[in-house]
Ligand SMILES: Cc1cc2nc3c(=O)[nH]c(=O)nc-3n(C[C@H](O)[C@H](O)[C@H](O)COP(=O)(O)OP(=O)(O)OC[C@H]3O[C@@H](n4cnc5c(N)ncnc54)[C@H](O)[C@@H]3O)c2cc1C
């Protein structure tokens, strides 16, 4: 086989872009094939839904800032982020425009932290059990704590491994990116060429190297970096010849992406008397109904709700119109019914139905945390996997994807050296 390129990279999310930058720095011939008409994957800053306002439809927080190279990349590029957010910015809207006092807020935080520490401790002891087996289901805040787990793992507590969670390294704070994390990822990689709007449909690795079928023709390469999301691989969006190894398919199914979505509202002006605030509307304690609300991000006239897990799946199935009706009701509960007239525009994400993501982010199933290790083993010694799912300490994040791309590039370079 004569190769068109040394290495082909499939997917231009944070993982594929990092791999591309490493190959470019090494002076190798490579191509980056991206299905969508933009780069960044699940890091995508939308500047069109609310003109003039940067809204991150996917990743927004520089997690684990102590280990996250995008903090430095942001500094280099002059991209703004906020490193002063802390839990004191948290509010519980308890209905009728009331906000919970310090005592109630402390109770809720203690309950949440207690649950998360129990999950973490179980994992640290090597117990690969479900979050739900470590959480206190009898407490008055349980429903709200479950919703927070949705945001952490994108799955139900019953489907989330404590061992996977305990391996996750989270140090140095979480910084929201004012100019957009998607913008940061795209600008950091602006020097590499990406072939856009070119979905890969098949990969033939039966002979030497790889032959990659796209909607625009076939490309031959000596090696490939496969940087597409877990759920895309599981759904068979790319046909492999021969098929991917059975044990790899099991490992993918063990670390699936759940649901993580956002509904955002543009208002005529910011909510009065509040700074950049993270909150939830609750009907308790005990909480039997709750709705997440992020208020006035960076002083902007916006409300953003995050939802995931099975609850998120139900909301997505109900459709955008139904979600809007729920959101308006909850906003009225928090700020009074006058808020309805102040809505200028709304938008909802659709990662679950998008064929190039098909979900939020990966988390191992209970008892299956070891499966994540499988992604480090190359396929046929020439296909190297990258993506957030490949990172043991930083899975489900942009920086985890970035590190996985660098690791895959290093292995691919060693092969063709
Ligand atoms: C709502 C939401 C909020 C999040 N919040 C945060 C956060 O605050 N902080 C954080 O660090 N992380 C967050 N994440 C997770 C983070 O976005 C991901 O972990 C990270 O962006 C994944 O990068 P990746 O390169 O592994 O995958 P992706 O970004 O998904 O990139 C994969 C690329 O492959 C392409 N592709 C798919 N199929 C094909 C094909 N057949 N052919 C060619 N190309 C293909 C896709 O179009 C995509 O560009 C969030 C995710 C979501 C959904």
Is the shape of the stretch 139-248 rounded, prolate or oblate, going by the alpha carbon gyration tensor and its root eigenvalues a ≥ b ≥ c, with a/c under 1.5 for rounded and a/b larger than b/c for prolate? oblate
So the FRET efficiency between residue 370 and residue 343, C-beta based with R0 = 45 Å and rounded to 0.05, is 0.40
Given R₀ = 41 Å, what would the calculated FRET efficiency be for residue 76 paired with residue 318, taking r from the Cβ atoms and rounding to 0.05? 0.45
Using only C-alpha positions, report the orientation-averaged shadow area of the convex hull of the stretch 1-80, nm², one decimal. 7.2
What share of the DSSP beta bridges in the chain is antiparallel, in percent to the nearest 5? 65
Just how many % of Cα pairs in the stretch 228-308 lie over 21 Å apart, if you round to the nearest whole percent? 54
Mean shadow of the stretch 204-273, computed from the convex hull of its alpha carbons, in nm²? 8.9
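Which peptide among 380-386, 236-242, 106-112 comes first, and what is the full order, when sorted by highest mean count of other Cβ atoms within 10 Å?
Details: 380-386: 22.1, 236-242: 14.6, 106-112: 16.1.
Final packing ranking: 380-386, 106-112, 236-242.
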So what are the radius of gyration and Dmax for the Cα set of the chain, in Å? 21.7, 70
If you take every DSSP beta bridge whose two residues both sit in the stretch 169-251, what share of them, in percent to the nearest 5, is antiparallel? 75
Top of 270, 297, 286 by mean-square fluctuation, Gaussian network on the chain, Cα under 10 Å: 286
Could you tell me which of rounded, prolate or oblate describes the stretch 328-370, using a ≥ b ≥ c as the square roots of the eigenvalues of the alpha-carbon gyration tensor, with rounded for a/c under 1.5 and, failing that, prolate when a/b is larger than b/c and oblate otherwise? oblate
Taking the number of other C-beta atoms within 10 Å as the exposure measure, put 248, 373, 315, 33 in order starting with the fewest. 373, 248, 315, 33
How far, in degrees from 0 to 90, does helix 142-153 lean away from the longest principal axis of the Cα atoms of the chain, to the nearest 10? 20
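Based on the mean of other Cβ atoms within 10 Å per residue, sort peptides 5-17, 321-333, 53-65, 393-405 so the most packed one is first. Please report the intermediate quantities before stating the final value.
Working: 5-17: 28.5, 321-333: 17.1, 53-65: 22.6, 393-405: 26.4.
The peptides rank, most packed first, as 5-17, 393-405, 53-65, 321-333.
Based on DSSP, what percent of beta bridges with both residues in the stretch 170-309 are antiparallel, to the nearest 5? Intermediate results must be reported in sequence, preceding the final value.
Details: 24 of 27 bridges.
Looking only at bridges with both residues in the stretch 170-309, the antiparallel portion is about 90 percent.
On full extension of the chain, what length is gained from residue 125 through residue 2, given 0.36 nm per residue of separation minus the C-alpha to C-alpha distance? Before the final figure, lay out each step's value.
Values: separation 123, 0.36 × 123 = 44.28 nm, distance 5.13 nm.
Fully extending the segment from residue 125 to residue 2 adds 39.2 nm.
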Could you work out how much longer the chain between residue 206 and residue 106 gets when fully extended? Use 0.36 nm per residue separation minus the Cα distance between them, nm to one decimal. 30.1 nm
Taking 8 Å as the Cα distance limit and 6 or more residues as the minimum spacing, I'd like the relative contact order of the stretch 32-96 as a percentage. 17
q = 0.20, 0.30 Å⁻¹: log10 I(q)/I(0) that the Debye formula gives for the stretch 354-417, counting C-alpha atoms only: -0.83, -1.25
Please state the shape class of the stretch 58-150: rounded when a/c is under 1.5, otherwise prolate if a/b exceeds b/c and oblate if not, all from the C-alpha gyration tensor. oblate
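Applying 1/(1 + (r/R0)^6) with R0 = 56 Å to the Cβ-Cβ distance of residue 289 and residue 196, what FRET efficiency is obtained, to the nearest 0.05? The partial results should precede the final answer.
Numbers: r = 43 Å, r/R0 = 0.77.
With R0 = 56 Å, the Cβ-Cβ based efficiency is 0.85.
Every number here is computed from the coordinates shown, using simple stated rules; none is lab data. Everything numeric in this text was worked out from a predicted model, so none of it was measured. Backbone-built Cβ (ideal geometry, glycine too); neighbour counts: all protein chains shown.
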